[in-house]
């Protein structure tokens, strides 16, 4: 069986992509050595052409985000956007028949992860995510090799619109009952 190529997906919801995000993407392109996607609101000419930019509006139904109403005053809806990115990821991988991928937050530096997916695939299928406390997961870097788990998380958020105030607590709560969530090591 041939190895699946690794894919790294970044998401930026908002107007102007900050300069630090451009640096992060360029570092990932240089080191990841596989396909790097940036899903964003508006195409950015400062991004290295090796990064595949896809405008979110080309595949995502924004109306679905109306249920995310908790904690919308903090930093211009920051927590809404961090949760909404999972819906964006879900729709993007579904539309493009992507069966496994890495996703990283733009404030993380990503180096060569190309062999890591093979190791995770041997462990099990689902969502690989750092859990830094009893009730919280951090989506700084995640790996998904069963798209069903992204659908399940999105459904969990829809069914619990005001349960918790941010994506970290939602992911932590979700991970407690979903047997297809695997924890990545972290400094804690």
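Every read-out reported here was derived from the displayed coordinates using simple, explicitly stated rules and does not represent laboratory data. Computed from a predicted model, the values in this text were never measured in an experiment. Note: ideal-geometry Cβ built from the backbone for every residue, glycine included; neighbour counts use all protein chains shown.
Observations
- Inter-label distance, nm, simple model (7 Å from Cα along the C-beta direction), residue 118/residue 57: 4.2 nm
- Gyration tensor (Cα) of the stretch 132-174, equivalent ellipsoid semi-axes in angstrom: 16, 15, 7
- If the segment from residue 134 to residue 186 were pulled out straight at 0.36 nm per residue, it would be longer than the present Cα-Cα gap by 17.4 nm.
- The Cα trace of the chain gives Rg and Dmax of 15.7, 49 Å, the first to one decimal, the second as a whole number.
- Working from label points 7 Å from Cα in the Cα-to-Cβ sense, the residue 165 to residue 179 distance is 3.4 nm.
- Within the chain, helix-based [θ] at 222 nm, where runs of 4 or more DSSP H residues each add -39,500 (n - 2.57), nearest 500: -10500 deg cm²/dmol
- Beta bridge orientation in the stretch 95-188: antiparallel %, DSSP, nearest 5: 65 percent
- Among beta bridges from DSSP that stay inside the stretch 7-184, the antiparallel ones total about 35%.
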